[in-house]
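Asker: Sharing a structure here in structure tokens format.
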Amino acid sequence: MSHATFSHEAMATVFQIMAAATSADYARQAAAAAFRELDRLESELSRFIETSDLARAGRIAAGDSIVIGEDAMQCLLAAARISELTGRAFDPAYLSSRPSRAPADKPLFLLDPSGHTLTSLTPRLLLDLGAVGKGYALDRMAAVLHEWDLTAACLQSGGSTVLALDPLPHEPGWPVGAGDRTYALTHSAVSGSGLAVQGEHITDPRRGRPAVRSGRVWSFAAMAADADALSTAFFVMSDEEVAEFCRQHPAYGAILSLPDGRFARHGAVPSESATGITPRPE
């Protein structure tokens, strides 16, 4: 069974869906539904849209709370979880000023899922979901495709994060390149980070200055939101910190490019394939 590719611009990049279906028209309709969900999410998660939950959070004082929507809550929960796991190597509030009394390893906001509230712990809370929002969008788009019973699909955002669902018939997985090899991906995600495309754009939140790594990194996770956030975290972490993280959290995987041209692999890196698409490090 062959597959069709559908593209859509959102979140300052191009999203793609590669999907296999017996009817090309049906696949196109399913992809259109997923892209409508993508556009809706952009309006909810972009800090540049004045009415979004993130923009509203930037206008409240320390100690104040606002009610936020389900998608902002779930995306922030995913971001906060990776932030805690990595010791703030990833932090969606890295643009905010950190009060001297704030613990260095804790976020500058509190989330209450039961009440759908966000509370600011800093005079001006600046949230940026750019390094997790695209992955979260891929996860939500995949959920839409499942509702359409279109499960043999592979989704990507900007070429940097890939989410593979069911493989094509008689295939071991969707071939995705990372490092010097190509892997057969199924029901998992991979995301790449580096300096080749956008230059020195990744800040180490723990130190408040640009990351010192010059090579590329890739992260593997079951969810695209986690992979998206982890690739940013791995980029600012040392090689030793990444290796230790994967030892403590074996459900995640990492590939690091080394100065001598070799690649180090840690944790849950999938089996190899033959040829494929390579996530472009952002």
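The values are calculated or read from the model by the stated rules, or taken from the named source; none is laboratory data. Here the structure is a predicted model, which means the values were calculated and not measured. Here the Cβ is made from the backbone with ideal geometry for all residues, glycine too, and neighbour counts use every protein chain on show.
Asker: Any idea which residue in the range 174-189 is nearest to Ala19 (Cα to Cα), counting only those that are not β-branched (Val, Ile, Thr) and not in a strand (DSSP E or B)?
Answerer: His187
Asker: Among the residues of the range 139-173, what is the count of those that are in a strand (DSSP E or B) and either under 20 Å from Ala24 (Cα atoms) or among the hydrophobic types (A, V, I, L, M, F, W, C) (or both)?
Answerer: Result for the range 139-173: 9.
Asker: Then there's this: Tell me yes or no: at least one residue of the range 107-118 is farther than 15 Å from Cys75 by Cα, in contact with a Phe, Trp or Tyr (Cβ under 9 Å, 6 or more places away or on another chain) and surrounded by fewer than 17 Cβ atoms within 10 Å (Cβ to Cβ).
Answerer: Scanning the range 107-118, I find no residue that is farther than 15 Å from Cys75 by Cα, in contact with a Phe, Trp or Tyr (Cβ under 9 Å, 6 or more places away or on another chain) and surrounded by fewer than 17 Cβ atoms within 10 Å (Cβ to Cβ), so the answer is no.
Asker: Arg40: surrounded by 13 or more Cβ atoms within 10 Å (Cβ to Cβ), in contact with a helix residue (DSSP H, G or I) (Cβ under 9 Å, 6 or more places away or on another chain), outside the structural domain of Glu70 (by TED's automatic domain parsing) and free of Cβ contacts under 8 Å to residues at least 40 places away in the same chain, yes or no?
Answerer: Criteria met by Arg40.
Asker: While we're looking at this one, here's another question. Please enumerate the residues belonging to the range 160-180 that are touching a residue at least 24 places away in the same chain (Cβ under 8 Å) and surrounded by fewer than 18 Cβ atoms within 10 Å (Cβ to Cβ).
Answerer: Leu168, Pro169, Pro172, Asp180 - these are the residues of the range 160-180 that are touching a residue at least 24 places away in the same chain (Cβ under 8 Å) and surrounded by fewer than 18 Cβ atoms within 10 Å (Cβ to Cβ).
Asker: On the given criteria, is Ala153 loosely packed, with under 15 Cβ neighbours inside 10 Å and small (Gly, Ala, Ser)?
Answerer: no
Asker: Restricting to the range 122-151, give me the number of residues that are among the hydroxyl-bearing types (Ser, Thr, Tyr) and under 20 Å from the mean Cα position of the chain (by Cα).
Answerer: The total comes to 1.
Asker: In the range 240-262, how many are β-branched (Val, Ile, Thr) and either not assigned by TED's automatic domain parsing to the domain that holds Ser193 or not in a helix (DSSP H, G or I) (or both)?
Answerer: Of the residues in the range 240-262, 1 are β-branched (Val, Ile, Thr) and either not assigned by TED's automatic domain parsing to the domain that holds Ser193 or not in a helix (DSSP H, G or I) (or both).
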